[in-house]
1. Looking at (1) exposed (fewer than 14 other Cβ atoms within 10 Å of the Cβ); (2) within 18 Å of the chain's Cα centre (by Cα), can you tell me which one ALA209 breaks?
2. Within the group PRO99, PRO108, PRO95, which residue is open to solvent by 50 Å² or more (accessible area, probe 1.4 Å), within 14 Å of the ligand (Cβ to nearest atom) and not in a helix (DSSP H, G or I)?
3. Name the one entry in GLY151, GLY143 that is within 16 Å of the ligand (Cβ to nearest atom), assigned to a helix (DSSP H, G or I), at pLDDT 95 or above and on the phi < 0 side of the Ramachandran plot.
4. Take segment 10-28 and flag every residue that is under 21 Å from PRO74 (Cβ atoms) and open to solvent by less than 50 Å² (accessible area, probe 1.4 Å).
5. Could you please find all residues in segment 220-259 being within 16 Å of the ligand (Cβ to nearest atom) and either open to solvent by less than 20 Å² (accessible area, probe 1.4 Å) or under 23 Å from ASP152 (Cα atoms) (or both)?
6. Only one of ALA213, ALA249, ALA255, ALA209 is touching a Pro at 6+ places or on another chain (Cβ under 9 Å) and among the hydrophobic types (A, V, I, L, M, F, W, C); which?
7. Which of (1) under 30 Å from GLU368 (Cα atoms); (2) open to solvent by less than 40 Å² (accessible area, probe 1.4 Å) does ALA147 not meet, given it meets every other one?
8. Is it the case that some residue within segment 186-197 is open to solvent by 20 Å² or more (accessible area, probe 1.4 Å), in contact with a His (Cβ under 9 Å, 6 or more places away or on another chain) and not hydrophobic (A, V, I, L, M, F, W, C)?
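The values are calculated or read from the model by the stated rules, or taken from the named source; none is laboratory data. Quick caveat: nothing in here was measured; it's all calculated off a predicted structure. Here the Cβ is made from the backbone with ideal geometry for all residues, glycine too, and neighbour counts use every protein chain on show. Each accessible area value is taken on the protein alone, full model and side chains, heavy atoms only, with ligands, DNA and RNA left out. Shrake-Rupley method; radii C 1.70, N 1.55, O 1.52, S 1.80 Å.
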Amino acid sequence: MPHLRWTTAGESHGPELHVWMDGIPSGLPLLAEHVDEPLARRQRGYGRGGRMKIESDRVRFAAGVRGGETLGSPIAMVITNRDHASWLDRMPAGPFPSPPERVTRPRPGHADLAGGQKHDRHDLRDILERASARETAARVAAGAVAARLVGDLGVRVGARVVAIGGIADERAAPVDAVAWEEELGRARDTDLRTVDATLEARWREAIHAASHAGDTLGGVVEAVAIGAPPGLGSHVHWDRKLDGRLAQAVMSVQAIKGVEIGLGFEGAHRPGSRVHDPIGYDAGARTFTRASNGAGGLEGGVTNGAPIVVRAAMKPISTLRAALSTVDVVTKETHEAAVERSDICAVAAASYVVEAMVALVLADAMLEKLGGDSMREVRRNLDGYRAQLAEY
Ligand code: EPS
């Protein structure tokens, strides 16, 4: 059983999103502003649709926090969907005031058709409301709590965008923790989450052109965790390997179709001498070192102390204004797919979601390694483990 359990509930145009988390120790300083900040960042980014002008995501703690600290009991968080007020006729929990117009023309690439078949629903709104990336706001809230936990233990998680619409960041990636800190810190406050202004301008142009063409764009995001000790995860069994757990969590994010760790697919094309990271030793710091980080901080499913680098490929959003061909699930006639209000490019937003998922997996792995009911106990266990590593 995972040491940190969490789940979300909520439909995109329903009244609220809910997050429930169990396993966060007592005594972690936690205020609403710690969650609201990443929630607000997720809403930004060039290429988002009209919905983000309506929402202003803020968290309300409903359980598990008292006086600005966690209690060790389950944490419940609520985010209001402001847009729900305009959907009372189509999204009531009780009977509809009058029959709503049904969505019957599934969008290729969305969960509409497969979900409709699976759940035997012919109004595809019953599927798309939950499949919507609106749910990622709840993930970011959970991730913010996880980031507080791992941050308290010296681990910083961040992300950047490395490609949009086939235009990739060609600069060499940072290798060590200091260079990563600098890069991610500067990328954090930009609209498309890159430090490269020329690249950002080209991405904006591509998003603008896609918007004019009624099209959408995907891209690649890279999440990085700095400061994790060696020894998180395990080499002994498939479901304890941390690379596998990260891949599953990141792949579950809406619209993600590929996950890589470190060199990922690129490593498959190189000889071993240009993939693996020679090992050194810093006697002063009593720590092992690496000159490169092709492994992305993970070897054998276990952290090796280097920055953990996880890349995710996001497909273009499946709601196209210039709609693709589909079949009406009621009449079986060929039509253009339904067009819902949507984003053109949400890659920057996805970078916050992938970052949240990485923080959640790491929080679980740290609790697994260190244990403890209170933060004081977890910190003491970490100090003991670090002393053991220095003696190794
Ligand atoms: C989404 C469609 C759009 C996006 C939404 C994801 O919503 P709407 O249909 O209300 O315009 O804005 O993203 C969010 C609401 C969000 O918070 O990120 C979809 O179909 O996935």
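1. (2)
2. Values: PRO99 fails: within 14 Å of the ligand (Cβ to nearest atom); PRO95 fails: within 14 Å of the ligand (Cβ to nearest atom).
Just one listed residue meets the conditions, PRO108.
3. Numbers: GLY151 fails: within 16 Å of the ligand (Cβ to nearest atom).
On inspection, the qualifying residue turns out to be GLY143.
4. Once the filter is applied, which keeps residues that are under 21 Å from PRO74 (Cβ atoms) and open to solvent by less than 50 Å² (accessible area, probe 1.4 Å), segment 10-28 yields GLY10, LEU17, VAL19, MET21, ASP22, GLY23, ILE24, PRO25, SER26, GLY27, LEU28.
5. Initial filter on segment 220-259 (within 16 Å of the ligand (Cβ to nearest atom)): 221, 252-257.
Across segment 220-259, the qualifying residues are VAL221, VAL253, ILE256.
6. ALA255
7. (2)
8. Filtering segment 186-197 for residues open to solvent by 20 Å² or more (accessible area, probe 1.4 Å) gives 186, 188-191, 195-197.
Imposing the further condition that a residue be in contact with a His (Cβ under 9 Å, 6 or more places away or on another chain) reduces the set to none.
No; the residues of segment 186-197 include none that is open to solvent by 20 Å² or more (accessible area, probe 1.4 Å), in contact with a His (Cβ under 9 Å, 6 or more places away or on another chain) and not hydrophobic (A, V, I, L, M, F, W, C).
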